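Here it is: the structure, laid out below.
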Amino acid sequence: MTQISSLVSRSLSNFVEGLTVAIPRLLSGVIFLALAYAVVRIALALVRSSIERLYVGDRKLVGDLIVMLVAVFLWFGVALTFLKVLGMGDIAASLGTAVGFIALGVSYALSEMIEDTVAGVYLLRDPDFNVGYRVEAKGVTGTVAAI
């Protein structure tokens, strides 16, 4: 019976020690997330307002794409920093490296789609192709109806 009581006593003391270490980290993490949320919202609002001045009308889709990419990078940075605040810096470093390799693989697999997206952005910015213009390609003539 004394072995069981000492085991329970050690387990409870280890649990209490773990809580005393974890609670300040969790509170720091919650405060960090609240501040990061506010900073990311402000940063995205600034990016969106500056991008909206550059890409107006039909080109709004390009601006939305840029804002979304900035948001993904910012939130990923927040997630890695949150793990570091919680004391899991090694996991954050491993996760960052793994996501980098996964992104490299996905970008290689989707390289043609990425090329098409970039070409579409250039076409949207090209003043030669607007709605109502007459275009000729390989002997076929037509009028641009929509972009």
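The values are calculated or read from the model by the stated rules, or taken from the named source; none is laboratory data. None of these values were measured; they are calculated from a predicted model. Cβ sites come from the backbone with ideal geometry, for glycine too, and all protein chains shown count toward neighbours.
Given the criteria exposed (fewer than 13 other Cβ atoms within 10 Å of the Cβ), modelled with pLDDT under 90 and under 15 Å from the mean Cα position of the chain (by Cα), does Ala109 qualify? Even if it seems obvious, please write down each step before you answer.
On the way: exposed (fewer than 13 other Cβ atoms within 10 Å of the Cβ): yes; modelled with pLDDT under 90: yes; under 15 Å from the mean Cα position of the chain (by Cα): no.
So Ala109 fails the test.
Residues are listed down the side, and each one gets a yes or a no for (1) at positive phi; (2) in contact with an Asp or Glu (Cβ under 9 Å, 6 or more places away or on another chain); (3) of a type in the set (Asp, Glu); (4) in contact (Cβ under 8 Å) with a residue 12 or more places away in the chain:
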position: Val99; (1), (2), (3), (4): no, no, no, yes
position: Leu104; (1), (2), (3), (4): no, no, no, no
position: Ala109; (1), (2), (3), (4): no, no, no, no
position: Ile114; (1), (2), (3), (4): no, no, no, no
position: Val118; (1), (2), (3), (4): no, no, no, no
position: Tyr122; (1), (2), (3), (4): no, no, no, no
position: Arg125; (1), (2), (3), (4): no, no, no, yes
position: Val131; (1), (2), (3), (4): no, yes, no, yes
position: Glu136; (1), (2), (3), (4): no, no, yes, no
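Only residues that are surrounded by 10 or more Cβ atoms within 10 Å (Cβ to Cβ) and assigned to a strand (DSSP E or B): list them for the stretch 114-136, please.
Val135
Go through (1) touching a strand residue (DSSP E or B) at 6+ places or on another chain (Cβ under 7 Å); (2) under 23 Å from Ser28 (Cα atoms) one by one and return the number of the condition Phe76 breaks.
Among (1) touching a strand residue (DSSP E or B) at 6+ places or on another chain (Cβ under 7 Å); (2) under 23 Å from Ser28 (Cα atoms), Phe76 violates only (1).
Looking at this structure, is Leu86 surrounded by 10 or more Cβ atoms within 10 Å (Cβ to Cβ), in contact with a helix residue (DSSP H, G or I) (Cβ under 7 Å, 6 or more places away or on another chain) and in contact (Cβ under 8 Å) with a residue 60 or more places away in the chain? Working first, answer last.
Numbers: surrounded by 10 or more Cβ atoms within 10 Å (Cβ to Cβ): yes; in contact with a helix residue (DSSP H, G or I) (Cβ under 7 Å, 6 or more places away or on another chain): yes; in contact (Cβ under 8 Å) with a residue 60 or more places away in the chain: yes.
Yes: the conditions hold for Leu86.
Ok, one more. Taking the conditions exactly as written (part of a helix (DSSP H, G or I), over 30 Å from Ala22 (Cβ atoms), free of Cβ contacts under 8 Å to residues at least 12 places away in the same chain and not β-branched (Val, Ile, Thr)), does Phe73 satisfy them or not?
Taking the combined requirement at face value, the residue does not satisfy it.
Out of everything in the stretch 1-57 that is β-branched (Val, Ile, Thr) and modelled with pLDDT of 90 or more, what residue ends up being nearest to the chain's Cα centre (by Cα)?
In the first step, residues of the stretch 1-57 are kept if they are β-branched (Val, Ile, Thr); the result is 2, 4, 8, 16, 20-21, 23, 30-31, 39-40, 42, 47, 51, 56.
Right, trim to modelled with pLDDT of 90 or more and you get 30-31, 39-40, 42, 47.
Values: Val30: 20, Ile31: 20, Val39: 14, Val40: 11, Ile42: 15, Val47: 14 Å.
Ranking the candidates gives Val40 first.
How many residues are free of Cβ contacts under 8 Å to residues at least 40 places away in the same chain and closer than 20 Å to Arg59 by Cβ when one looks only at the stretch 138-147? Step through it out loud before you land on a result.
Our first condition is that a residue be free of Cβ contacts under 8 Å to residues at least 40 places away in the same chain; within the stretch 138-147, this holds for 138-146.
Those still in the list that are closer than 20 Å to Arg59 by Cβ too: 144-146.
Matching residues across the stretch 138-147 total 3.
Of the numbered conditions (1) assigned to a helix (DSSP H, G or I); (2) over 30 Å from Arg25 (Cα atoms), Ser94 satisfies every one except a single condition; which is it?
So Ser94 meets the others, but not (2).
Additional query: Examine the stretch 45-61 for a residue that is part of a helix (DSSP H, G or I), closer than 26 Å to Ala98 by Cα and in contact (Cβ under 8 Å) with a residue 24 or more places away in the chain, and state whether such a residue exists.
Step one: of the stretch 45-61, the residues part of a helix (DSSP H, G or I) are 45-54, 57-61.
Within this subset, residues satisfying the condition of being closer than 26 Å to Ala98 by Cα are none.
For the stretch 45-61, residues part of a helix (DSSP H, G or I), closer than 26 Å to Ala98 by Cα and in contact (Cβ under 8 Å) with a residue 24 or more places away in the chain: absent.
Look at Leu61 and say whether it is surrounded by 10 or more Cβ atoms within 10 Å (Cβ to Cβ) and modelled with pLDDT of 90 or more. Reasoning before the result, please.
On the way: surrounded by 10 or more Cβ atoms within 10 Å (Cβ to Cβ): yes; modelled with pLDDT of 90 or more: no.
Judged against the criteria, Leu61 is not a match.
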